[in-house]
Each structure stands twice: as C-alpha cells, then as structure tokens.
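J.: Quick one: structure below, then a few questions.
The values are calculated or read from the model by the stated rules, or taken from the named source; none is laboratory data. The structure presented is a predicted model; accordingly, all values stated were derived computationally and were not measured. With ideal geometry, Cβ positions are generated from the backbone for all residues, glycine too; neighbour counts draw on all protein chains shown. Keep in mind that these areas ignore ligands, DNA and RNA; they rest on the heavy atoms of the full protein, side chains included. Shrake-Rupley method; radii C 1.70, N 1.55, O 1.52, S 1.80 Å.
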Amino acid sequence: MTAVLETRALSVSYGGVRALADVDVEVGEGQLVGLIGPNGAGKTTWIDAVCGFVPATGETRLDGRTISGMPPTARARAGLGRTWQAAELFDDLTVRENLSVAADRRPMWRLVGEALTGRESDPPNVESTLELLGIGELADVAADELTQGQRKLVGVARALAPGPRVVCLDEPAAGLDSAESRALGQRLRQVVDSGVAMLLVDHDMGLVLGVCDRVVVLEFGRVIAAGPPEVVRRDPKVTEAYLGRAAQESQAILDASAIGTGT
Amino acid sequence: MEQVLAFALLGLGPGALYSGIALGVVLNYRGCGVINVAMGAIAALGAYVAYGLRTGGYLFLPPLPLVPAHVNFGGPVGVVPALVIAVLVCALTGLLLDVLVLRALRNASPLAKLMATLGLMLSIQAIILLRFGSSGQSAPDVLPNGPGDVVHLLGVTIPSDEFELAGIVAVAAFALVAIYRWTRFGLATRAASENETTAVLVGLPPARLSAMNTVLAASLAGALGVLVAPLTQLDSTTIPLAVVPALGAALLARFTSFGIAMVAGLGLGVIESLVTYLQSRPWFPTTHGAQLPGVADLLFFAIIVAAMYWRGGALPYRGSLVERRLPAVPKPVRLQRPAIVCAVLCITAFLLFTYDFRQAAINSLIGMLVCLSLVVITGFVGQISLLQVALGGVAAFAVSKLSMSAGIGFPLGPIFGVVIASLVGVAAAASALRVRGVNLAVVTLAGAVALQSFVFDNPTWGGGFTGSPVNPPHLFGVDLSTQASFPTGGGQLPSPVFGLVCTVAVIMAGLLVASVRRGRLGQQMLAVRSNESAAAAAGISVRNVKLLAFGLASALAGVAGSLYAYNFGSVTADRFGVVNALVFVSFAYVGGITSVTGAVLAGLGVTEGVFGHILEKWVGVPASYQLYVAGLLLMATLITLPEGIAGGRRPPPPIRAISRLIVGPGRARRTSAAVGATQGGATS
Ligand SMILES: Nc1ncnc2c1ncn2[C@@H]1O[C@H](COP(=O)(O)OP(=O)(O)OP(=O)(O)O)[C@@H](O)[C@H]1O
Ligand SMILES: [Mg+2]
C-alpha cells in the first residue's frame, strides 16, 4: 500500500521551543489514521507544518511527491485539505458559499469572466458533501449564526468539498456530545471508505480508538507509540504519558472508552 | 561636514513634534485600541489656544449656538498660564472624545474608530479656519530664543531650543515607560490591552483606563504643539498633518514602544532636515531650476515600507478589541432593475436640474466612483487603503499630460490613465501584501502623501501650483465635454452631456461591483476578508485575490480621476491630497463601506455634492461651515450607526424603504426561524 501523505523527520521550533522533533507519520490509501496526545503535544503543529502554515524541516510527501516548501494554497490545490481547531469558517458567507468557494478551483481569469458576464455556476460536490455530513438544512444559513458543533461540521464539509486526496481534521468532535460524536465517527468512516485518506486529531478517545485504522501518539513533539488501536490502547507508555495519572487508573478509563464505542 | 551636522540638529525641533504626536498615538492605541489621526490636530489646537491667549488675551470657542466666539482675559496672558490653559483645553478635548465618541464605539471595527477620530481632526481644522482664517500665523516664542540662547557644538552654532525640545520628548517617553511599568494605572492598561477582565480584577474599569490614556495622550500632544509651534508655521494643516510622519513613527514602534516611537519621531525630523540640506547642494536634481518637492515624504514612505517588510508586518493584536469585523456585506438580489431605475433618475435629473445642481450631481457621481473603489478594496477584501484618491490623481494627471503633450485624447487617454493607476495600485499592493488592517491604513496614508507632494506638486509630472490643463473629450466628432451644446440646460456649464457621460460610467461601475459581489470572485474576496489562513487552506490564492482587488479598485479610482480631469478642465494637486483621501474614506464608511448602495449614499454626501449643495442653498449652511458640520456629523453618525448607514445587516427604515423602491421587493432574508428549525439537525 502506498502512502498518500507522509512526513519524514518533520521538525518545528517556535523560538527555542521544539514543538515537533523528527516526527514520521504515514497515512495510507483509504486509511483513517488517528493522531492523539496530551494538550500541547504538537498535534496542531503537525497539521500546520504539513499544510505549510509554519516553517518546518524534514520532508512532507503527498502521493509520493514532495510538497515541502510549497505555500499553503498550492498544497491545498495539490489535494491536501484541513480543518481548524477553532473552525475558522468564512463568517461573511453562507454555509453553501463556504463550501463552493473552497470547491471552485477554476483559474482566476475564468472567475473574472463570470463576474463580467454575470453568470454563476456552482461546483459539483457541494450538495452531496452537505448531505454526507447531514447539514443540508443549514445550506443557506450565515456561517456566523451556527452553533460551535455545527461550525465544526461545516469546517469538515468545506475541507471535503473540493474532493481532496487526504484531509487532516483538527478536533472535529469538540463541541459535540457523545452521541453526536459517534454519529460523526460513522460519517467519517463513510468518507474514508469512499476513497479519501484521513488524519484525525481528537481528544475523544472513544471516537479515535473506535474508528481509526491506525493511531499515532505524540508527546512533547515526539512519536511515542504507533499501531492499531488495540495495540496502542495497551501500550503502557501511552497510558502513562497520555493521561499522566497512575497507569492503572488511566487503563480503566481507556477501557471504558473502548466499551463506550462498542468496539 | 559641519553643515551636515548643523542641519541634522536643526531637525530635532520638528522631530520633537513628530515624537510628541507619536507618543500620543501610541498611548491612545494602548489605552483603547484606536489609531487617533486627530493627534496632530489636537497639537495644533493647543498651539492656537496658546497663540490666542498670548497675542490677544482671549480663549476662542468652537462655533456653537448661544456660545460666544471668544472669552476675553483682558490683556495678553503670560507664557506659563497660556501653556497650562492650552494643555487643559486639549485634555478636555481628549476627555470628550473618549467619553462621547470612543466609548460608544468600543466594540466597533478599528476602521470605525479611526474614522471617528478623523471626524475630530476635520472639526478642529474647521474651527481653526473659522476663527483664524486660512493664512498662517507665527507663534510667539515659548522656550527662550534670544541671540544668546545657542549651543556651540563641534564648530556649529544651534539654537538651544532644538535640544530642549528633544530633551522634553525624551523625558516624556521615559516617564511614560515608567508609568506603564510601575504604576497601578499603567499595569492595568497593559493588562486591559490583553484581556479586559484582568483589568477589572486589578480594580480599574476599562472605561476609566481608556479615558485616562486618551486625556494623557491629548495633553502631551497639546503641550508639544504649544512648544514647537514657534519653530513651524501655524495654520490649519501643517501641524495637523504632522500626524502622518508621527503615525509612521508609531507604526515603527508597533504602536507599543514609547522609546522607539520617540526615537523614530526625532529621526524622521532629522532626516527631513538633512533632505533640505541635500537639496541645497548643486548636484541634487531639480525640476525647472526649482527644488524637487516632496523628497522627504517619499523617503518617509520608503522607510515605512522597508520597516514593515523587514519586520514581517506582525501586528500587535489588542485582545478582544481590535479583531472586530467590518460591517456585513449584503448580497445584491437583482442588478437590472436598480440599474435601470438609477439611470432613469439620473437622466431626468440632468435634463431638469439647473446648472448648479448639475455640477453638484456630477461631483456626487464622481464621488460614487471613488467610494465604489473603496467598497471593493475595504468593504469586500478588508484592506484599508487610503491611497485610492491619490490613484485617481495619477489617472487624472496622466490624462492631462497625454492630452497636452502627446495629443492622446478621449477615449485612449483615460484608458491609459486607468491602466497606469491600476499598475501603480497593484505595485503598491504587492509591496504591502503582508501589511494588514490599520497598519495598511498608515502605510497607504504615507504613500498618498508621497504621491501628492513628490508627483502631483511637481511641475513637470504633476500640476505644480497652477494645475495642469486637459483638452475636452470628443468621441467620433461628438462633444462630450462640460461645454457641449445641448437643447436643455440653458447653455450654462456644466453641460448635461457630461453629466450623462458620468452617469454611464457610474452605472457600469456599480453593475460591475455588484456582479463581483454576487459571483465566486466576491466570495473569494470575502473569504480573504474573514480569514486569510483559512482561505489559503481552502486553496484560494490570497495574494492573487488581493492583487486583483487592488487592480479593480485602482481602476475604478482611475475612472473617477479621469472624469475629475474633464470636469474641471484642469488638474490640481490638492484635489487628490491626503485630506481629501481621508474625507472620502470617511464618507464611504458612513454611507456603508460594504455595498453599492452605501457608495451611492456616500457619493451624494461628498463635499460639493448633492447633499452639500442642498445644505448650502436651501438650509443656508454657508460653505465655510461645511467642513465643521461634516466633522461633527461624521462622529454623530458613527456613534448612532457604527456600521455606517447602509452598512449593517439592518439599515435604518427610510433607507430600507428607498432601496426597496429601487431594487424591488423580495429581498432574500434569513429568518431566525430558519436557523431555529435546523438547530441540532446537524447530527440527525
Ligand atoms: N504560535 C506559537 N508560538 C509559540 N509556541 C507555540 C505556538 N503554537 C504552539 N506553540 C507551542 O507548541 C506546542 C505544541 O502546540 P500544539 O498547538 O501543536 O499542541 P496540540 O497538540 O494541538 O494541543 P491541543 O490538544 O491543546 O490542541 C505547545 O507547547 C505550544 O505552546
Ligand atoms: Mg491543537
């Protein structure tokens, strides 16, 4: 199996602070990979580095082609999508416009021509993506009138609408209750099964361990464990580092979360 | 070599003025997140209060009903009491500004606050003009300046007040640093600029902190105004516009560091003086044997751009306060009907109006074009550009020069003019791509000053002091000029024909801007305005969108400039100067910076436009009072409608009624019921 997205020795420093140190992550074709770790572990930094928002050393490859050094727009156009921890929707636009402005990848001169002739056309995919995430009814609502949970879903839809090769989701379930979170998990699985590779960052252990094919665990900017969910769940390094409590207690919580998702 | 040193030191005095104003700007920004462009005007106010007291023994008052023009003290007042009273007047002005205006705008966009301080600046300038006339005065000495008050240094002799002034601003800067570091007031302000609740915990409410900072800033600027006035010309523009280099110095200090603001202000004064020295050298380029104007302004602009580039344009975001969004951007429901209605209205007006109203209507139409340019760049893309009026000037002078020296007339001349204006606009945008928000406002303001004084005031490239003539426009032998003969209109200037030409231009521009807003291009612009990072992550090229928007906005400004050229038959520099640039932005904001409707309202309101003419002719407000009224109205409108008249989501009822008549019924509206029905639907 070929990796759709991979990083090799990816490192990021903020001033003197090493936020990421030699991180190798691989997201294969048709795979859903979880990226977890305690607060400040560097998960968001990894996504920022991969998408070109912070300067990083090391290599990032998309479909085998190196994209290190490319600006964010070019990476997005090469098939890399992302969402943001704080949703970051386009608040001046409606939900549908949020999706179509992202999905429309035509060159600028075509758009200028459209403005001059006054003709409008919507890119394909927009309606189906809204349906896929179950937010069809929100299509004509202004983005700044949504609840936090809805904003996260629209953010996911906006990342998916252009039909990317791979998307990185930063805490899409924050702001959802556990039932909503489980429903989101199923929808994400559907997306992955339709052929989009995915990297999922979330603090909801039930969600991540429940739906992911593989899980990578970060702590202080380093990978401390990687593998299938059931292996990672049993890894004592993870239980200790991740929750920072007595190992047994955290084991109980991890087990409980596994039962919660019905796996 | 001695001469270089002498000139450098002679720059300390004016530099102290820049420094003092810059310190005031930084204080005011840290206190309540406002970029106060009135700080120079407040310094001028102080200078004039002291002037009135010391030369005539009176305190002048603003023109208000039932208020006398002067309070007499029965004889000239001494230096110290005059200085104290002047500082008190400035402090009171600062207090009123903070309590009456800034407090109401606490949650408004930074642009709205900046516009409000602009209203104060215009009012103060107008009061000075009304009370002291337009010819300058010379202020009596404050610091000792006799033949013996000189310093001998390394072989040169310099008046001692230059050093004293520099010393005063240095002491002021250190005092401010100390206050901010060690007093409860200073600590609370620093905390408040990061997080308002922290300041409440310290025990000082943010409103009082803001007022204290504004009063301190105004007093400081006022004191410097009094002290430096004897070294410069006392009139309604010189000291008020010293705010431009001062803003540059404050920008270099990131609106945060008192030390850097003080040093940068002095440095700019020294540079300006050195430029004067260089210009006295025989090898320095001249124009027609006269000095090249505006070299120092060009240099200031270059320094600011270079510094912004070098620093990466990082912004000091003030916690919750600065990141306010601009007003919402309504999506036009229809294009054809409003275009046809407006065209019919304009044509009828030009056929029926008398010559004076025709002239006012033409001024308004051209004003609408300038405001449409601002709608695109500021309303849609969120970039505050104060350069647009100057770009209009670039096109106007290009039209004039092409017509007079190359024989290129209508329509090729204006086409070239518009292209040149767009190119200059795009080049300016490319050099300031990473500068955003109010920082961009400061950079473009410096750019506008440089264009005005370096290019427009230059007798070869611009108009010099006499203006640059233009040949009237003809197309296929038809006279389109203001002198064209026409069956109606009584043969008086301007001809209705030229009014119709302006109508065509405005309707086409309005259609274009509305169509951009409706299409994908407009959505991309709004995406960039909302969130540049998210736009980039969504595959939108932020750079291309900005450059395109600047190009389009500059082209619209260029069309306006070309029409101005034909309107007056001659192009003068002051029409495209910074004061006009600021006035246009404020009208555009008050009308509604985010929509074509707003631009139309703004155009009707511009100076010498339709509203102004009605005020003058029917209400009886004399033209000399219009600037004063405009300044006060600007502040009053912003307090009541912080998003502008047509800018908010729900404009006032009369505006809605009129726009329904013009646009037609059936505006697409989102009801809150629709939102309610879908709440929680996300996961169903
Ligand atoms: N812009 C920045 N400047 C300086 N340090 C930063 C910056 N962004 C993040 N950091 C630091 O880098 C480290 C990693 O942060 P990051 O946001 O990637 O963590 P995270 O795993 O996403 O945490 P969370 O679960 O809280 O979202 C943290 O120590 C953080 O303080
Ligand atoms: Mg994070």
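J.: How large is the helix-only mean residue ellipticity at 222 nm for chain B, computed as the sum of -39500 (n - 2.57) over DSSP H runs with n ≥ 4, divided by its residue count, in deg cm²/dmol to the nearest 500?
T.: For chain B, the value works out to -20500 deg cm²/dmol.
J.: Can you list residues from other chains, or at least 5 along the same chain, whose modelled amide H is less than 5 Å from the amide H of A:GLU29?
T.: A:THR2, A:VAL4
J.: A further question on this structure: Can you give the FRET efficiency for B:ALA302 and A:MET108, using 1/(1 + (r/R0)^6), R0 = 41 Å, r = Cβ-Cβ distance, to the nearest 0.05?
T.: With a Förster radius of 41 Å, E is 0.85.
J.: Testing the spin-label approximation: label points 7 Å from Cα along Cα→Cβ at A:VAL17 and B:THR488. State their distance in nm.
T.: With each label placed 7 Å out from Cα toward Cβ, I get 7.1 nm.
J.: Round to the nearest 0.05 the FRET efficiency obtained for B:MET508 and A:ARG119 when R0 = 22 Å and r is the Cβ-Cβ distance.
T.: 0.80
J.: I would also like to ask the following. Which whole number gives the average, over all residues in B:499-510, of C-beta atoms from other chains lying within 10 Å of the residue C-beta?
T.: If you average over the peptide's residues, the count of other-chain Cβ atoms is 0.
J.: Still on this structure: Using heavy-atom solvent-accessible surface (probe 1.4 Å) with all chains present, what is the largest-first order of B:SER405, B:SER541?
T.: B:SER405, B:SER541
J.: Right, here's the next one. At a Förster distance of 60 Å, what's the computed FRET efficiency of B:TYR625 paired with A:SER128, Cβ-Cβ distance as r, to 0.05?
T.: 0.45
J.: Cα axis of helix B:496-518 to longest principal axis of chain B: angle in degrees, 0 to 90, nearest 10?
T.: The two axes meet at around 90 degrees.
J.: Taking a temperature of 25 °C and a viscosity of 0.890 mPa s, what whole-number D in µm²/s does Stokes-Einstein yield for segment B:461-570 with Rh from Kirkwood over alpha carbon pairs?
T.: Result for D is 146 µm²/s.
J.: For chain A, what is the calculated [θ] at 222 nm in deg cm²/dmol (nearest 500), taking -39500 (n - 2.57) for each run of four or more DSSP H residues and dividing by its residue count?
T.: Estimated from H runs of four or more residues: -11500 deg cm²/dmol.
J.: Could you work out Rg/(2.2 N^0.38 Å) for the protein assembly as shown, with Rg from alpha carbons only?
T.: 1.04
J.: Further question: Give me the net charge for the shell around B:ALA573: Cβ to Cβ below 15 angstrom, other residues only, Lys and Arg +1, Asp and Glu -1.
T.: -1
J.: Assigning unit charges at the beta carbon (Lys, Arg +1; Asp, Glu -1) and nothing else, what dipole magnitude in debye, to the nearest 20, does segment B:336-577 show about its Cα centre?
T.: 780
J.: How much net charge surrounds A:THR66 when only the other residues with a Cβ under 14 Å from the Cβ of A:THR66 are counted, with Lys and Arg +1 and Asp and Glu -1?
T.: Result for the local shell: +1.
J.: Can you pull the three principal axis extents for the Cα set of segment B:336-577, in Å, largest first?
T.: Largest first, segment B:336-577 extends 60, 46, 29 Å along its Cα principal axes.
J.: In addition: For a label point 7 angstrom out from the Cα of A:THR57 toward its Cβ, which stretches of segment A:209-223 have the backbone nitrogen within less than 18 Å?
T.: So the set is A:221-223.
J.: Let me ask you something else. Return the percentage of antiparallel bridges among DSSP beta bridges fully within the protein assembly as shown, rounded to the nearest 5 %.
T.: 70
J.: How would you rank B:560-571, B:391-402, B:407-418, highest first, on the average number of other Cβ atoms within 10 Å across their residues?
T.: B:391-402, B:560-571, B:407-418
J.: Explain nothing, just compute: Karplus ³J(HN,Hα) = 6.51 cos²θ - 1.76 cosθ + 1.60, θ = phi - 60°, for every residue of segment B:529-541 in order, whole Hz, x for Gly and Pro.
T.: Here the 3J(HN,Hα) series is 5, 5, 6, 5, 5, 5, 4, 4, 5, 8, x, 8, 7 Hz.
J.: Oh, and also: Express the carbon and sulfur contribution to the solvent-accessible surface of the protein assembly as shown as a percent, rounded to the nearest whole number, probe 1.4 angstrom.
T.: Ligands and nucleic acids excluded, carbon and sulfur reach 64 percent.
J.: Still on this structure: Could you run the Karplus curve 6.51 cos²θ - 1.76 cosθ + 1.60 with θ = phi - 60° over segment A:186-202 and give me ³J(HN,Hα) per residue in whole Hz, x for Gly and Pro?
T.: Each residue of segment A:186-202 in turn: 5, 5, 4, 4, 4, 4, 5, 5, 7, x, 9, 6, 9, 10, 10, 9, 7 Hz.
J.: Starting from the Cα of A:ALA179, step 7 Å along the direction of its Cβ; do the same at B:ALA406; then give the gap between the two resulting points in nm.
T.: 7.3
J.: Same structure again: Report the extension gain between B:ASN544 and B:ILE614 in nm, rounded to one decimal, defined as 0.36 nm multiplied by the number of residues separating them, less their alpha carbon distance.
T.: 20.9 nm
J.: I would also like to ask the following. Give A:LYS43/A:LYS152; B:LYS331/B:LYS546; B:LYS113/B:LYS401; B:LYS401/B:LYS617 a once-over and call out the pairs whose C-alpha atoms are over 27 Å from each other.
T.: B:LYS113/B:LYS401; B:LYS401/B:LYS617
J.: Can I ask one more? Between A:LYS237 and A:ASN39, what is the label-to-label distance in nm when each label sits 7 Å out along the Cα-to-Cβ direction?
T.: So the label points at A:LYS237 and A:ASN39 sit 2.5 nm apart.
J.: Taking H as built 1.01 Å from N, whose amide H comes closer than 5 Å to the amide H of B:SER468, not counting residues under 5 places away?
T.: Amide H neighbours of B:SER468: B:VAL571, B:THR572.
J.: Would you mind counting up the charge near A:THR44? Only other residues with Cβ under 11 Å from its Cβ, with Lys and Arg at +1 and Asp and Glu at -1.
T.: Result for the neighbourhood of A:THR44: -1.
J.: Right, something else. For segment B:567-666, state which trypsin sites (Lys or Arg not before Pro) are in a DSSP loop and have at most 14 other beta carbons lying within 10 Å of their beta carbon.
T.: When the trypsin sites (Lys or Arg not before Pro) of segment B:567-666 are filtered for loop state and at most 14 Cβ neighbours within 10 Å, B:ARG649 remain.
J.: Calculate, in nm to one decimal, what B:ARG208 and B:SER160 gain on full extension: separation in residues at 0.36 nm each, minus their alpha carbon distance.
T.: Going from the current span to full extension adds 13.4 nm.
J.: Among A:ALA19, A:GLY58, A:THR2, which residue has its Cα positioned farthest towards the positive end of the charge dipole of segment A:1-66, with +1 placed on the Cβ of Lys and Arg, -1 on the Cβ of Asp and Glu, and the dipole taken about the Cα centre?
T.: A:ALA19
J.: Given H placed on each backbone N at 1.01 Å, which residues far from A:ALA19 in sequence or on other chains put an amide H within less than 5 Å of it?
T.: A:VAL12, A:SER13, A:TYR14
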